[in-house]
């Protein structure tokens, strides 16, 4: 390392030439104006050059300069200062905190803005604010950190990424996930970014901010910026980041133990088995990240490699991943030309195991042995109930996934203020999966004499964008114009095969070629190949940003966008947006406030149907039993009139700072109309020949309020405490719909089909859990329901809950009244402690485990083990959905507790810093909910109109203990 | 700004070479319009031969719900005295829809009704498309018209007032039952001259199939329209009988066996195939879970449907149809060892060993898991998949004989009419049952029950004989004629609400 530094130094000397002749050493300390302590890693740059240094952990620095140079001192969260060197040999600087961080630059679509110019609702989360511990995807970093952003990721399945939902339901039938933009590449996959490589994440919440991205931004935008080499920073630095973690099951499904089961009439099969314990484990994970970054005068780079070896708490589940990323930036022609190249590659070997084992472990007879005396797995032929240990051990469910993306960006400044940028990006994903069900596996495989399936899927996304921006200083104003063109194409293709009847289990799914099944006979060989329809988005856009004086900010623009997914006459849409902000303190002196800014924005975006091809009829060839071939049938009735779903949103916001900017906050309120929402709705088959097609079917309205408050350093003295709280509330109303009311979310088999649990109605809120009101148990063990309409008869028929004479009512709401995140950053000397609590209040969940398996039906006790909770009624023997199974699921949990120690490395030439930390995720949860996880459930198998159903095969929730180490070289 | 625009356009053109505003959506793995498939070289292992004329796209739609759960078959069977789905504790409650069906307390949200309606119009849409496509081919159009008429008959018989649409994409007002009856009759009469008086190609229809259909239509005309058409029913039946093309199969169970292709008795069948034409799931629907071991089934069955004790007992032991129709008694695995239900109800006298007893303890809530004889008329084959290979018979020669017997008896107002007795005895004789010397209306209805069990005819038979409101096991008597037709499915009323021709509900339902 030393040698390398020497070479760089020699090079630097060569470049700098004669200027270096009269240098001398200036030393000093950089301290913070808030606490008077040294600021570690503050940036010091010689103005107009690329030379610079950083302070050590105590805030001290030393740099070679000449007398006529100026030093620029900066650090995130503080106001940058410049000092002319002159005769000084010691320069001590006090940087004043910039609590509101209004000078911070925020990446917005096709450019960046200073934070004070932002007129929409944008939240920036830096690496230091991310959730720590065993976090394997970007969603986990953000959970609870952004008001209005909900991350749904029930359970601890490492092979599942969390899904995002911004500001409630933004779309019904189309994609409700926010657009992800990674280093300017829209639609990039979060799967290919290691959390260790993320510098910051910006979330654009409202329509006026997201509109520049068009349809793909209609559910909000998440902008990810990866770490880059710092130009003019220290020439070369390396970082190591690693942790080891252990995860255990936080909460088992409460079921009868063997003795209780027998006492309740269950057949005693002679053993005692805790099935849930048998299928789970203490999961040990290792993560290592090494990155190297550096710069020369005109080039910066950063390369990193990440290794992840992750186990899930379900036996055999987990993945191994290697991810590499390289970022390169080059400046030429006096910085007029900027070329940047980013590339990332992930290779992940996955073992999905079988999530169904969770359900069967909660249901299988607790007196059954795992194995028979002869060593084979114990099995009993019961309906939908199998030995879960056998499932995990007899069968294989694995996959391999590669993701590669690169983008090249060229930008050239033709004349001062006018810059043209072109960006070309591609992303490839490929996945190969294999499943094998053994010849012995009663679950699947026995009937087929072994069953193997292999499938390969590939996806490709191509992006070409070019845009120009023009900065113009006007009289007391500044105008920026941006115009651009965007071309996006995606394609999915794949093929697969399934066959059975094998001579041995020993080769797993790789034996598929030895199948005893014959193509074209028995129907036992299933082969398919697919390619999605051409899928393109083409758009042009125009935007202006106008700053008047120091306090008025106006922007606006329009995007004209077309998509292949819509009916030919409706492919193009025009989407305008406008926003304005006023720094009120520039124009009025309000004593109480140190910061007071008002923002307003309005934007329209379009949404597309979730799948391509829906505007067109589809014809397919079916092989039939004729000797020579088959026939052509119409398999889909397209909707040639399908048009854009349009979302119009108004956002009003206030940024404020009080008490000398120690208390800062942001308040946003919004109202959003989703017009012509796209839904795969039931239509009259007499006309169309099909019962369903995609139509523009109605309108929903979202309204919400979001608040973020931070109190900087609440205590005085050495112990520092910075608490922050975010809270959001959202309400979605169905404004128009093709029919007045309908119901969704069938409870299902066994025994409870035809039982819809969710009602939606025009003019009312989304999220109504609906059904009869439970009042007690009859002598015969049946549930008694309330006569809600007082007509003297009780109609609790699940099939007629919407009828006038039905005794059904709202039993709860699936959407929380308020979601809260409460951060506490404490530090004392070199110690720091971060406690992050998360809460959701006001929502209910349907506990489906209880609804199926709690009533003690004597005839069926032997089919399934029984769920036992505080709410169990021993005399209830008949299962029928009602209020009895709808539980309030308010909770508060200690989501993340991290304690860290930073070693003092000020005297060490090699190592900049060492930090060790320990984290507990999901340390405790306070709730009355009887299921395993009280977190809200956002949709029911993708149906966003049916939130609040806690289904049975969720991966169990885990509690994770992490020990981590960070070293900077 | 002009420069910007120029640069942008240039960049766009260079990059995409003219494709910069192209939004044509090409379907890469399928077609967006009809096409004529080239013949492939002889397919391997063809077990039967349906004609390769493209019409199968419409005929194949008849499979939907005809022999599966929660659709047409279920509503024609579970509502009658010959089949039931009991609630077995936590299993098969399903919101009470099958208890409602058994007790005649169904309502318009029953999912099977919605499925019946949607599938029927799906088939009609495909027939309408092919009728237009084959405009120059009279024989093809005639076949499609008969097939479409049959689907309209199912709709009219079940729902009464329906929409009759003959062009894909067009709409029509909901019309009265008598109008749909007249439409069906006219369609059949118009199609017959273009069809051969011969056995139809497999899975298809001939003029004789249309005559058999007419016989059934006229037999029920009194109920549908208020005007009896007994002589017309006899004439249509005679057209089939006198053709000499069909005869009774000497082996009753062969008509329904897994290899029942081209049985001499079949007039019109819906071909199913375990690989290319799925949808017949009787083994799954009726067998108890461990019966998987009796037949080495590839998937676990569902333990749903069984028959009623009184119905089972209406068969003489000497009647060959009894053993051919039901699976009863103790059950063994493929090696002859008794099969066990380890989750047996401790109160069950049979213990874990499975015994399909005719008596069932109760309909709900805790019907015994192993009680009730099971539906076995469509025989199972070893190692079969959930989709069975048997073909479902919708018209067969025995029905034509029985229809003529009934129409004759009704025309002459004499159930012991000599012609009728002779026809009925032909059918009984084949089954090994004793000859009737006299006959009552009740005898005849029971005979139809024994002959046509599991053939989706019982509902319309009970209605025609005025026995629909009778009491039977776990079902009380009623005299509500509104129950003769099902409600228009609620979802369909909602789906059609924003069309030119909204649907209105049938009387007595909401």
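Take the conditions (1) crowded, with 17+ Cβ neighbours inside 10 Å; (2) touching a residue at least 60 places away in the same chain (Cβ under 8 Å); (3) within 30 Å of residue B:30 (Cα to Cα); residue A:690 misses just one of them, which is (2). Scanning region A:627-643 finds no residues that are in a strand (DSSP E or B), more than 14 Å from every other protein chain (Cβ to nearest Cβ) and crowded, with 17+ Cβ neighbours inside 10 Å. Residues in region A:760-779 that are without any contact (Cβ under 8 Å) to a residue 12 or more places away in the chain and either buried (at least 16 other Cβ atoms within 10 Å of the Cβ) or within 14 Å of chain B (Cβ to nearest Cβ) (or both): 2 in all. All but one of (1) touching a helix residue (DSSP H, G or I) at 6+ places or on another chain (Cβ under 7 Å); (2) at pLDDT below 90; (3) more than 7 Å from chain A (Cβ to nearest Cβ) hold for residue B:92; which doesn't? In the conditions (1) touching a helix residue (DSSP H, G or I) at 6+ places or on another chain (Cβ under 7 Å); (2) at pLDDT below 90; (3) more than 7 Å from chain A (Cβ to nearest Cβ), residue B:92 misses (3) alone.
For residues that are in a loop (DSSP other than H, G, I, E, B) and farther than 30 Å from residue B:347 by Cα, tally how many sit in region B:359-408.
Initially, region B:359-408 is screened for residues in a loop (DSSP other than H, G, I, E, B), giving B:359-365, B:367-370, B:372-373, B:376-391.
Adding the requirement that they be farther than 30 Å from residue B:347 by Cα leaves B:377-391.
Number of matching residues: 15.
Screening A:219, A:188, A:139, A:211 for residues that are in a helix (DSSP H, G or I) and crowded, with 24+ Cβ neighbours inside 10 Å leaves exactly one candidate, A:211.
Scanning region A:548-583 for residues that are buried (at least 22 other Cβ atoms within 10 Å of the Cβ) and farther than 20 Å from residue A:486 by Cβ yields A:553, A:579, A:581.
Among the candidates A:399, A:375, the residue that is without any contact (Cβ under 8 Å) to a residue 60 or more places away in the chain and closer than 21 Å to residue A:155 by Cα is uniquely A:399.
If the condition is being modelled with pLDDT of 95 or more and part of a helix (DSSP H, G or I), then region B:295-336 contributes B:309, B:310, B:311, B:312, B:313, B:320, B:321, B:322, B:323, B:324, B:325.
Can you go through A:506, A:471 and tell me which one is more than 12 Å from chain B (Cβ to nearest Cβ), surrounded by fewer than 18 Cβ atoms within 10 Å (Cβ to Cβ), out of contact with any helix residue (DSSP H, G or I) (no Cβ under 6 Å at 6 or more places or on another chain) and assigned to a loop (DSSP other than H, G, I, E, B)? Before the answer, list the steps.
Working: A:471 fails: assigned to a loop (DSSP other than H, G, I, E, B).
After applying the criteria, what remains is A:506.
Of the residues making up region A:747-758, at least one is at positive phi and either at pLDDT 90 or above or crowded, with 21+ Cβ neighbours inside 10 Å (or both). Residue A:550 meets each of the listed conditions (1) in contact with a helix residue (DSSP H, G or I) (Cβ under 6 Å, 6 or more places away or on another chain); (2) within 11 Å of residue A:644 (Cα to Cα) apart from (2). Filtering region B:168-215 to residues that are outside any helix (DSSP H, G or I) and closer than 21 Å to residue B:62 by Cα leaves B:168, B:169, B:195, B:199, B:200, B:201, B:202, B:203, B:204, B:205, B:206. For residue B:136, the conditions (1) modelled with pLDDT of 95 or more; (2) more than 11 Å from chain A (Cβ to nearest Cβ) all hold with the exception of (1).
Within region B:470-496, the set of residues being without any contact (Cβ under 8 Å) to a residue 24 or more places away in the chain and within 18 Å of residue B:363 (Cβ to Cβ) comprises B:471, B:477.
Remark: residue B:165 falls outside the filter, which requires a residue to be out of contact with any strand residue (DSSP E or B) (no Cβ under 8 Å at 6 or more places or on another chain) and under 25 Å from residue B:396 (Cβ atoms). Checked across region A:410-420, the condition of being in contact with a strand residue (DSSP E or B) (Cβ under 7 Å, 6 or more places away or on another chain), assigned to a loop (DSSP other than H, G, I, E, B) and surrounded by fewer than 19 Cβ atoms within 10 Å (Cβ to Cβ) holds for at least one residue. Given the structure, is residue B:141 farther than 27 Å from residue B:113 by Cα, out of contact with any strand residue (DSSP E or B) (no Cβ under 7 Å at 6 or more places or on another chain) and part of a helix (DSSP H, G or I)? Considered against the rule, which asks whether it is farther than 27 Å from residue B:113 by Cα, out of contact with any strand residue (DSSP E or B) (no Cβ under 7 Å at 6 or more places or on another chain) and part of a helix (DSSP H, G or I), residue B:141 comes out as yes.
Filtering region A:601-616 to residues that are modelled with pLDDT under 90, surrounded by fewer than 23 Cβ atoms within 10 Å (Cβ to Cβ) and more than 14 Å from every other protein chain (Cβ to nearest Cβ) leaves only A:610.
Of everything in region A:264-280 that's more than 13 Å from every other protein chain (Cβ to nearest Cβ) and surrounded by fewer than 18 Cβ atoms within 10 Å (Cβ to Cβ), which residue is farthest from the chain's Cα centre (by Cα)?
Step one: of region A:264-280, the residues more than 13 Å from every other protein chain (Cβ to nearest Cβ) are A:271-280.
If we keep only those that are surrounded by fewer than 18 Cβ atoms within 10 Å (Cβ to Cβ) as well, we get A:271-272, A:274, A:277-278.
Working: A:271: 43, A:272: 41, A:274: 34, A:277: 30, A:278: 31 Å.
My answer is A:271.
Does region B:95-110 hold any residues that are on the phi < 0 side of the Ramachandran plot, at the interface with another protein chain (Cβ under 8 Å from one of its Cβ atoms) and without any contact (Cβ under 8 Å) to a residue 40 or more places away in the chain, and which are they? Before you say what the answer is, go through the steps one by one.
First, the residues of region B:95-110 that are on the phi < 0 side of the Ramachandran plot: B:97-103, B:105-110.
Subsequent filtering for residues that are at the interface with another protein chain (Cβ under 8 Å from one of its Cβ atoms) retains B:97, B:100, B:107, B:109-110.
Passing the criteria: B:97, B:100.
Considering region A:535-582 alone, what residues qualify as being free of Cβ contacts under 8 Å to residues at least 40 places away in the same chain, more than 14 Å from chain B (Cβ to nearest Cβ) and part of a loop (DSSP other than H, G, I, E, B)? Matches in region A:535-582: A:550, A:551. The residues on offer are B:454, B:505, and the sole one that is under 29 Å from residue B:111 (Cα atoms), surrounded by 14 or more Cβ atoms within 10 Å (Cβ to Cβ), at pLDDT 95 or above and within 14 Å of another protein chain (Cβ to nearest Cβ) is B:505.
Looking at the structure I just gave you, is residue B:124 more than 7 Å from every other protein chain (Cβ to nearest Cβ), touching a helix residue (DSSP H, G or I) at 6+ places or on another chain (Cβ under 9 Å) and free of Cβ contacts under 8 Å to residues at least 40 places away in the same chain? I'd like the intermediate steps shown before the answer.
Details: more than 7 Å from every other protein chain (Cβ to nearest Cβ): yes; touching a helix residue (DSSP H, G or I) at 6+ places or on another chain (Cβ under 9 Å): yes; free of Cβ contacts under 8 Å to residues at least 40 places away in the same chain: no.
So residue B:124 does not fit the description; no.
All of A:656, A:598, A:619 fail the test of being within 14 Å of chain B (Cβ to nearest Cβ) and assigned to a strand (DSSP E or B), apart from A:619.
The values are calculated or read from the model by the stated rules, or taken from the named source; none is laboratory data. As the structure is a prediction and not an experimental result, all values here were calculated from the model. Note: ideal-geometry Cβ built from the backbone for every residue, glycine included; neighbour counts use all protein chains shown.
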